[in-house]
Amino acid sequence: NAGVTQTPKFQVLKTGQSMTLQCAQDMNHEYMSWYRQDPGMGLRLIHYSVGAGITDQGEVPNGYNVSRSTTEDFPLRLLSAAPSQTSVYFCASSYSVRRVAEAFFGQGTRLTVV
Amino acid sequence: AQKITQTQPGMFVQEKEAVTLDCTYDTSDQSYGLFWYKQPSSGEMIFLIYQGSYDEQNATEGRYSLNFQKARKSANLVISASQLGDSAMYFCAMREDRRWGDGSEKLVFGKGTKLTVNP
C-alpha cells in the first residue's frame, strides 16, 4: 500500500546508545519531516527536508541528525540517546513545498530511553 | 507566542449529537492554511479537513466542517452526528505560507483536544 512507512514501531534504548529511525515514502513526495509528540505538547518539528540532498532544522533539532540521499527515504538518527528523547516520533511527507497539500503521516515510532 | 491554541483539553459528547472543537491561531501572514487531524488510540495521525485563508466558503468533508472566522482567527472543527469511533485526540495545525529561506512550509500544531463520545 502506498504511504509513509516507519520502522521500528517500538524501541527501547539505553542512555548513550545510538540508533536510526527509518522513514520511507513511495508517493514521490518532495517534502519530508520528522516530529516528536510528547504528552501535553502536541507535535513539534525536529528536522525537515525539501528534497534529496537538502535538510534543515526545525523547532527541536538538538540530539538528532538527518540526511536525505534519495527522494524516498528520510532517516532520523539519535546520536547518543537521552531519557529526554523518550517520545513518539512521526515522519510525514507532502507532495510539494509550494502547493497546498495535507501531510501524510507514518504510523509512529514509540521510543523509550532508559 | 503560541501559534495554535486549543483551549479544551477534553470534551465529552453523546452519540449522534454534534460537537465543536475550538482552535484559535496567531499569524501576521495573509496567506496560510489550517488543518485538523485525528489521532485515535492506535496512534496514527489522520488528516480530516483543510481550510485556506483565502477560501470564501467553510470547508466540509462528510460529517466534518470547519467554522472559519478569519477576523477572530478561529478555525473550529464541527463534527455532526458523533459516532463512537470519533473518540480520539484532535489536533489543529497551521501552515504559514510565508516562505522560509529555503522556500519550504512548516506545520505548527496545537496541543490537542481529547474527544470522548458516550453511548
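The residue that is modelled with the lowest pLDDT, counting only those in segment A:8-43 that are hydroxyl-bearing (Ser, Thr, Tyr) and in contact with a Gly (Cβ under 9 Å, 6 or more places away or on another chain), is A:Tyr31.
Taking the conditions exactly as written (more than 12 Å from every other protein chain (Cβ to nearest Cβ), farther than 19 Å from A:Val12 by Cβ and either over 15 Å from the mean Cα position of the chain (by Cα) or in contact (Cβ under 8 Å) with a residue 40 or more places away in the chain (or both)), does A:Thr71 satisfy them or not? Considered against the rule, which asks whether it is more than 12 Å from every other protein chain (Cβ to nearest Cβ), farther than 19 Å from A:Val12 by Cβ and either over 15 Å from the mean Cα position of the chain (by Cα) or in contact (Cβ under 8 Å) with a residue 40 or more places away in the chain (or both), A:Thr71 comes out as yes.
A:Asn62 meets the conditions (1) farther than 21 Å from B:Gly112 by Cβ; (2) touching a residue at least 12 places away in the same chain (Cβ under 8 Å); (3) away from chain B (no Cβ under 12 Å) in every case but one. The failed one is (2).
From the list B:Gln14, B:Gln2, B:Gln6, pick out the single residue that is of a type outside the set (Asp, Glu) and modelled with pLDDT under 95.
Working: B:Gln14 fails: modelled with pLDDT under 95; B:Gln6 fails: modelled with pLDDT under 95.
When all the criteria are applied, what remains is B:Gln2.
The residues listed here are A:Ser33, A:Ser49; of these, the one that is within 23 Å of B:Cys92 (Cα to Cα), surrounded by 21 or more Cβ atoms within 10 Å (Cβ to Cβ), free of Cβ contacts under 8 Å to residues at least 60 places away in the same chain and among the polar types (S, T, N, Q) is A:Ser49. If you take the residues in segment A:67-108 that are at pLDDT 95 or above, of a type in the set (Ser, Thr, Tyr) and assigned to a strand (DSSP E or B), which one is surrounded by the most Cβ atoms within 10 Å (Cβ to Cβ)? So, considering only residues that are at pLDDT 95 or above, of a type in the set (Ser, Thr, Tyr) and assigned to a strand (DSSP E or B), the one surrounded by the most Cβ atoms within 10 Å (Cβ to Cβ) is A:Tyr89.
Condition test on B:Ala81, is it closer than 20 Å to A:Gly40 by Cα and of a type in the set (Gly, Ala, Ser)? No: the conditions fail for B:Ala81.
Only one entry in A:Gln37, A:Gln11 is part of a strand (DSSP E or B) and more than 9 Å from chain B (Cβ to nearest Cβ), namely A:Gln11. Within segment B:3-29, being over 13 Å from B:Ala75 (Cα atoms) and either under 9 Å from the mean Cα position of the chain (by Cα) or without any contact (Cβ under 8 Å) to a residue 24 or more places away in the chain (or both) holds for one residue alone: B:Ser28. Pairs are defined by a Cβ separation below 8 Å, a sequence spacing of at least 6 or placement on different chains, a first member in segment B:43-58 that is within 13 Å of A:Leu43 (Cβ to Cβ) and within 7 Å of another protein chain (Cβ to nearest Cβ), and a second member that is of a type in the set (Val, Ile, Thr) and not in a loop (DSSP other than H, G, I, E, B); the pairs so defined are B:Gly43/A:Val88. Among the residues of segment A:44-58, is there at least one that is more than 12 Å from every other protein chain (Cβ to nearest Cβ) and of a type in the set (Val, Ile, Thr)? The answer is no, given that none of the residues of segment A:44-58 is more than 12 Å from every other protein chain (Cβ to nearest Cβ) and of a type in the set (Val, Ile, Thr).
Residues that are within 21 Å of A:Phe105 (Cα to Cα) and touching a Leu at 6+ places or on another chain (Cβ under 9 Å), at least 3 per element: which strands (runs of 3 or more DSSP E) completely within segment B:1-43 meet that? Let's see the steps before the verdict.
Numbers: elements: B:10-14, B:19-21, B:32-39.
So the answer is B:32-39.
When A:Asp56 is tested against (1) among the charged types (D, E, K, R); (2) crowded, with 19+ Cβ neighbours inside 10 Å; (3) farther than 21 Å from B:Ser42 by Cβ, only condition (2) is not met. Return the residues of segment A:1-30 that are free of Cβ contacts under 8 Å to residues at least 24 places away in the same chain and within 14 Å of A:Val88 (Cβ to Cβ); say none if nothing qualifies. Of everything in segment A:1-30, nothing turns out to be free of Cβ contacts under 8 Å to residues at least 24 places away in the same chain and within 14 Å of A:Val88 (Cβ to Cβ).
The values are calculated or read from the model by the stated rules, or taken from the named source; none is laboratory data. Nothing here was measured: the structure is a model prediction, and the numbers come from that model. Cβ: placed from backbone, ideal geometry, glycine included. Neighbour counts: every protein chain shown.
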